[in-house]
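> Structure in structure tokens, see below.
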Amino acid sequence: MKLFLKNVVVVAMVFLAYGVIHAFEAYSEEQGYSYISGRYVRETENEKAKLEVTLMSDGRVHVTGLSLWGTKTLRDLGPNIGEVDFIAPIKKGRVIYIEPMGKGRKYKLELIFEKNRLIAKERDAAGYLGLNVSFAGEYRKQ
């Protein structure tokens with residue numbers, strides 16, 4: 001019986017230590033990413049995009065964005081518009097958002113944060129956002 005209780009105590013201590021270490025790592029990572037919150041903008045010849053990024057207390061980020069294509073072209077109906085709004089974890093300075101589109105396809109947006117800029121990469125954007133609308137590219141922080 002003593003051996004059983006000793007094993008239970010050891011297992012409980014291991015789980016407690018793991019929880020403390022994990023919480024400290026999450027807190028440290030969150031504190032290290034405090035620079036990412038803010039507004040990021042990208043503008044090219046015929047498109048504009050904006051991403052608002054907010055670091056949450058649980059180590060995840062809330063991202064909202066608007067992208068326009070056809071801003072310089074004369075169009076009767078105005079530019080094509082695409083939006084994103086999601087919450088995702090941040091790991092090693094990156095955020096990955098994946099949204100199923102049906103028929104086995106998935107839209108993927110990867111955000112890579114650096115000081116005062118953000119690099120956005122997309123996969124399978126066609127059909128997810130408006131025609132020719134994209135969030136991919138390099139953004140500067142305002």
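> Out of Ile81, Ile98, Ile90, report the one residue that is without any contact (Cβ under 8 Å) to a residue 40 or more places away in the chain and either surrounded by 13 or more Cβ atoms within 10 Å (Cβ to Cβ) or under 16 Å from the mean Cα position of the chain (by Cα) (or both).
So the residue among Ile81, Ile98, Ile90 that is without any contact (Cβ under 8 Å) to a residue 40 or more places away in the chain and either surrounded by 13 or more Cβ atoms within 10 Å (Cβ to Cβ) or under 16 Å from the mean Cα position of the chain (by Cα) (or both) is Ile98.
> Suppose the filter is more than 23 Å from Lys48 (Cβ to Cβ) and exposed (fewer than 14 other Cβ atoms within 10 Å of the Cβ); does Gly127 pass it?
When the stated conditions are applied, Gly127 does not pass them.
> Any chance the range 112-126 includes a residue that's in the same structural domain as Gly78 (by TED's automatic domain parsing), more than 18 Å from the chain's Cα centre (by Cα) and not in a strand (DSSP E or B)?
yes
> Give the residues of the range 35-50 that are more than 16 Å from Leu131 (Cβ to Cβ) and among the small types (Gly, Ala, Ser), sorted by residue number.
Ser37, Gly38
> Every residue in the range 43-66 that is surrounded by fewer than 17 Cβ atoms within 10 Å (Cβ to Cβ), under 17 Å from Val84 (Cβ atoms) and of a type in the set (Asp, Glu), please.
The one that is surrounded by fewer than 17 Cβ atoms within 10 Å (Cβ to Cβ), under 17 Å from Val84 (Cβ atoms) and of a type in the set (Asp, Glu): Glu52.
The values are calculated or read from the model by the stated rules, or taken from the named source; none is laboratory data. All values reported here derive from a predicted model rather than from experimental measurement. Note that we place each Cβ from the backbone using ideal geometry, even for glycine, and neighbour counts take in every protein chain shown.
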